[in-house]
Amino acid sequence: MTAKKKKEKPFFIILKTIFVMMVAVVLAGYAAVKMYLNSLEPIPNLNNYQRNIVTQVYSADEHLIKTFQTFHYEQVSIEQIPKFLKDAVISTEDKNFYSHSGYDIFGIVRSAIVNVINKKASQGASTITQQLARVLFLSNEKTITRKLKEIQVAARIEKTISKDKILEMYLNNVYLGSGAYGVGAAASTYFNKDLSQLTLAECALIAGLPQAPSVYSPYKNMKLAEKRRNKVLKRMYIMKTINKKQYEAALKEKIVLNKKPTLSKVNVAPYFIDYVLKELETLGFEEEEITQGGYKIITTLDYTAQVAANESIEKNLALFGLKNSKHNAALFTFSPTTGEIIAYCGGKNYIESQYDRVTQAIRPPGSAFKPIVYAAAVHKGWMPTDKVEDTPVTIGEWSPHNYGEKYKGIIPLYKALAISSNVVAVKLIQDVGVQLVLDMAKALGITTPLTYDYTISLGSNGVKLYDMVVAYGNFANGGYRVQPYSIKRIETKRGKIVYEAPRTKITKVLDKETAGIMTAMLRKVITNGTGRGANIDKPMGGKTGTTNENRDAWFIGYTPDLVTGVFMGKDDNTSIGLTGGSAPARIWKDMMIVATEKYGAPEFGYPPVDFTIDFEEIPYEELLKQQEKETKKEEGNGILSILPFGQKKEVDESVFEEIPVQINENLFDKVKKKDNKKEEEED
């Protein structure tokens, strides 16, 4: 007797039917897609493809300052490319390259599911052919439409040329960072070698770059580049394109880079370009999109001012006999009203060193920090004509002193700043308190940590040139901290504007009276004090700075329209033998004469503060020598009492809060008129 067959429940019958139908739909869809892609026509003249000019960067006055067409592009045949390099790229980018039809539908579906689960684009599933399609014909926008076009073009490429030719074109055109397009250029850029000379480890490093050239560039992050290289080697070992002995030997190989990578001939401001690239990344542009997107990027840079800055740095380094590779200088200029970056020199020679001394170097500013102490004092109630004692002072075990142990006795506050008295700066921080000075520094724009110590009054803590220039901008514009920026707008190759800079971020920091008093005193530094070497006979203010043993020399100054800071020092932190009033002031003057010419000589946009000058004539040479003793000192000990001098009032700490304000002051009339005109045109 046979057992009866168990009858299925209706629910499971329906579920099975739905599943079968879904599979049928997917298979039918896949078959339809395959039929469509197989029906596409080949791409004519693909073998004769020539790389076009890609993204270009312009100054505000329409001078081409950088092109992302190859720094140096070397066309190589597939036979010239080492087997290790081809295997490394295929293992990393597309292990099924020689077996697929240019696309991997199931891989795309799989990556889409993973991306949905992770809620981010963590997988791309683009084959080498798809990547070539994007490089040659498409943009880098992350949309479904572009992905479909990518698959379509990839299918046509596969019907047009052989697999080896596809790989050859990909390896000749892929962007590999540091301005290198193609593996030939990468071998030369990173290792100063011909392709045939590359080791297995060097091939693996290059093969690891296409995914994120700037992230994995050994010039940017050696540890990350080595980690990525080792991951490529592991994939090659897993896929059996190298054996265990080769794998282990390559892992141990030290990365030895070309010390002088080939750079673009069209680049008068390479450090500025690095800053622009970082700003583009914050705006959401990826490096490959930037370099191959065919954009026209209009920056804020003033070409004439930049050239003047470059020439003055070179001239003054030579004039003062500073020819050692470690001797260096940096300059940063921006508008305190609009935030536009006007000139930017991160060092004297980008080829020798890509280290940016504007935003990366942290060096003590010496007496260039004193205006921040004085601003705290003025905020508390001090006035320029208040009398102070320029006499010796001791704090615990610390006894700061003036140059040559020379003291002026009772003098007005503005004179103490003009002659850069060390002891008066120390007495001021005693009076107002260290915390108020720290708060003032942060509010003005200093981002580096500062020690809670009285020695900061003499500029003992390291700061960035970028921050110091932003801080002085508060004095120039009547008390507003303005955020610098470098990109005005971005256009596609067809002229469509895809980005236009919004109104820059502005924060109220000081009242106009405090800013006006600071400018009045800093004007005396230029006309009668240590900054006389920078005088351009226009309304201006500024301050010199020199640190212990003349290791660092600074000059930071401003007009109503521009703020510029100059730093000079040796990269090994030994003495450069200069004071802030010498070469830095000369560089500042040379550049600002050119940069401010178009603005004329306007006065500052807030009520003038004037007072009687009672200076005794101090020889300029003596003032320069005095800067040699603007030193940083060891930390002192002891509890200090408030000294009985200066006008006092309760400090309003709310002045240091982040208070975004509208641009509605006379100082910002130009910006306001521009905005109004734009609104009228839009209406």
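Placing +1 on the Cβ of every Lys and Arg and -1 on the Cβ of every Asp and Glu, with no other charges, gives the range 282-340 a dipole of roughly 460 debye about its Cα centre.
Separation of the alpha carbons by more than 22 angstrom is noted, of 86/231; 254/326; 323/348, for 254/326.
Give the distance, in whole Å, between the Cα centre of the range 415-466 and the Cα centre of the range 295-350. For the range 415-466 versus the range 295-350, the Cα centre distance is 27 Å.
About the Cα centre, and with charges only on the beta carbon of Lys, Arg (+1) and Asp, Glu (-1), how big is the dipole of the range 526-568? Nearest 20 debye, please.
On the way: 4 positive and 4 negative charges, 15 e Å.
So the magnitude is around 60 debye.
Put simply, when 84-94, 495-505, 319-329 are sorted by average Cβ atoms within 10 angstrom per residue, most first, you get 84-94, 319-329, 495-505.
Going by average Cβ density within 10 Å per residue, which order do the peptides 295-306, 186-197 take, highest to lowest? List each step's numbers first, then the result.
Values: 295-306: 23.5, 186-197: 19.5.
Descending packing order for the listed peptides: 295-306, 186-197.
Each Lys and Arg Cβ is given +1 and each Asp and Glu Cβ -1; about its Cα centre, the range 385-493 then shows a dipole of about 620 debye. Tell me, how many Å apart are the Cα centres for the range 364-396 and for the range 480-556? Distance between centres, Cα-based: 21 Å.
If packing is taken as the average number of other Cβ atoms within 10 Å across a peptide's residues, how do 574-584, 233-243 rank, most packed first?
In descending order of packing, they fall as 574-584, 233-243.
Cross-link pairs exceeding 28 Å between alpha carbons, from the set 66/220; 149/220; 427/524: 149/220.
Here the accessible area of the range 148-250 is 49 percent carbon and sulfur, with a 1.4 angstrom probe and all protein chains present.
Overall form of the range 169-256: prolate. Here a/c, set by the Cα gyration tensor axes a ≥ b ≥ c, is 1.5 or more, and a/b is the larger of a/b and b/c.
The values are calculated or read from the model by the stated rules, or taken from the named source; none is laboratory data. Everything quoted here is computed from the prediction, not taken from an experiment. When we count neighbours, we look across all protein chains shown, and the Cβ atoms used for this are built from the backbone with ideal geometry, even at glycine. Side chains are part of the model used for accessible areas, which takes the heavy atoms of the whole protein and leaves out ligands, DNA and RNA. Shrake-Rupley method; radii C 1.70, N 1.55, O 1.52, S 1.80 Å.
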